[in-house]
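In what follows, a single structure is set out as structure tokens and then discussed.
Where a number appears in this text, it was derived from the coordinates with a stated rule and is not lab data. What you are looking at is a predicted structure, and each value in this text was computed from that prediction instead of being measured. Don't worry about glycine lacking a Cβ; one is built from the backbone with ideal geometry, like all the others, and counts go over all protein chains shown.
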Amino acid sequence: MKKRRIGNTALEVAPLAFGCNVFGWTADEAMSFKLLDAFVDAGLDLIDTADVYPVWHPGNVGGESEAIIGNWLKKSNKRDKVTVATKVGMKMAPGLGCESLSKDYIMKSVEDSLKRLQIDTIDLYQAHNDDPNTPLEETMEAFDQLIKQGKVRAIGASNYKQDRLKEALAVSKQHGFARYECLQPEYNLYDREDYENNLEKLCADEKLGVISYFSMARGFLSGKYKSKADLDQSPRGKGVEKYMNDRGFKIIEALHTVAAEYSSTPAQVSLAWLIARPSITAPIASASKMEQMPDIIKAAQLELKPEAVELLNKASAYETAGTKA
């Protein structure tokens, strides 16, 4: 399995990341340990979380996912086998943090994350969302300081729009600060338009890594949602409804066609399509049950021929400025 470099860093990772937002939500600690072991034992290494995960689950305050990963790292002794990516800047439970990328907040948050993860250095520390209320100079200086202190190896941005990502890169260059080396956008076979039209060229020109999230469109691209009656089967069901239209089901049909050709599954093919795109470093996939892991592991090994990629491209074509892409 050939590794891919994250931007201009020394970080090289396998072409698929594991999303740990389910830890402390749909996967308890025992199950999370099993999932992480299976992922790493298959030769995969990039685990992605955030300080806020999963604050939305009743009774949680944020930090639960990081704490589970920290306990696993301590128990498994596999720190040297993984690249740990986490994020800062989203709103935690009341009294435990705010939505901010101010220097003071970043400096406090990184210490909290390091403590929960039980590590000395975060491999990839990402701004979870743009903060228009804090000057980019302040944010980038804070991240630069963390790298110089050895608490962070590289930094990235998540959910940044094109203009703000450009501005952040310019600020880093102007002041000699460390720059964002990767972007984490929403991108999958259905949600193509924003990334492809507004961000992909910038990432390629700046040689930024791209670690896409919602890689399977909240599970829709697995093919398990055949009608709106199926939406009640999953905690994510409500977020899947927007995909259930003619275009969405056309994509599912194409996924089944390609899956049959490769003796695979729609989930594997949807991830393999992302891996095959030159600008993508490592799409994020998550699982809350062990029976979901084979799709993730096999997807990292599945190489689609150009004809299969083109079939999926056509099935997922979208209207833009009067043309189809």
Cα Rg over Rh - the chain, Kirkwood
0.95
With 26 Å as the limit, write out which pairs from LYS242/LYS314; LYS148/LYS201; LYS75/LYS103; LYS201/LYS289 have Cα-Cα distances beyond it, or answer none.
LYS148/LYS201; LYS75/LYS103; LYS201/LYS289
Restricted to Cα positions, what overall size does segment 1-94 have along the principal axes? Three whole-Å values, descending.
41, 29, 19
When the Cα centres of segment 142-221 and segment 261-312 are compared, how far apart do they sit, in Å?
22 Å
Kirkwood Rh, segment 45-102, all Cα pairs: how many Å?
12.2 Å
Restricting to Cα pairs below 8 Å that are 6+ residues apart, what does the relative contact order work out to for the chain? Please round to a whole percent.
18 percent
Just how large is the dipole of the chain about the Cα centre, in debye to the nearest 20, putting +1 at every Lys and Arg Cβ and -1 at every Asp and Glu Cβ?
460 debye
Over segment 4-184, what relative contact order in percent results from Cα pairs under 8 Å that are six or more residues apart?
18 percent
Over the Cα atoms of segment 4-184, what radius of gyration and what Dmax do you get, in Å?
15.6, 47
Beta carbons within 10 angstrom, averaged per residue: use that to sort the peptides 146-153, 281-288, highest first.
281-288, 146-153
Packing-ranked peptide list from 263-269, 52-58, highest mean Cβ count within 10 angstrom first, is 263-269, 52-58
